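Novice: My questions will all concern the structure given below.
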Amino acid sequence: ATKEYKGESKIIDFTFINNNQRLILQVKNNYSGKILLDNNGNPTSEKLNHGIGTKSINSFVDKYNLTLNYDITDDTFIISILFSE
């Protein structure tokens, strides 16, 4: 998504945050266009071989019973994964 971003500065950022004895992994990147959401509110793609990263993250979160949050702005996509104690 960042590769196709048309803005001035491209961002791919991975941040670990230690917040009240919990660990949060935040992944942030730019995108151009529109992000489509499926019936469960998860990002999806109509393009062939796209959306694999978010599907992998969803599988990881489900497997380890973690909390996942998406924050989508006009040009930035943020995934936050909360690791429980």
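The values are calculated or read from the model by the stated rules, or taken from the named source; none is laboratory data. Bear in mind that the values here come from a model prediction, so they are computed numbers and not experimental data. Every residue, glycine as well, gets a Cβ built from its backbone with ideal geometry; the counts of neighbours run over all protein chains shown. Just so you know, the surface numbers come from the protein's heavy atoms only, side chains and all, with ligands and any DNA or RNA stripped out. Shrake-Rupley method; radii C 1.70, N 1.55, O 1.52, S 1.80 Å.
Novice: Tell me which residues, restricted to the stretch 66-85, are under 25 Å from LYS6 (Cα atoms) and not in a strand (DSSP E or B).
Specialist: Scanning the stretch 66-85 gives THR73, ASP74, ASP75.
Novice: Can you name the residue in the stretch 24-75 that is in contact with a Leu (Cβ under 8 Å, 6 or more places away or on another chain) and open to solvent by 70 Å² or more (accessible area, probe 1.4 Å) and is also modelled with the lowest pLDDT among such residues?
Specialist: Residue satisfying both the conditions and the ranking: GLU46.
Novice: Answer yes or no as to whether PHE16 is open to solvent by less than 90 Å² (accessible area, probe 1.4 Å) and either aliphatic (A, V, I, L, M) or at pLDDT 80 or above (or both).
Specialist: So PHE16 does not fit the description; no.
Novice: Moving on. When you scan the stretch 45-78, how many residues do you find that are among the hydroxyl-bearing types (Ser, Thr, Tyr) and under 28 Å from GLU8 (Cβ atoms)?
Specialist: 5
Novice: Here's another thing I want to ask about it. Does ASP13 satisfy being without any contact (Cβ under 8 Å) to a residue 40 or more places away in the chain, in contact with a strand residue (DSSP E or B) (Cβ under 8 Å, 6 or more places away or on another chain) and of a type in the set (Asp, Glu)?
Specialist: When the stated conditions are applied, ASP13 passes them.
Novice: Among the residues of the stretch 29-36, are any among the charged types (D, E, K, R), farther than 16 Å from LEU82 by Cα and within 15 Å of the chain's Cα centre (by Cα)?
Specialist: Yes, there is a match, as at least one residue in the stretch 29-36 is among the charged types (D, E, K, R), farther than 16 Å from LEU82 by Cα and within 15 Å of the chain's Cα centre (by Cα).
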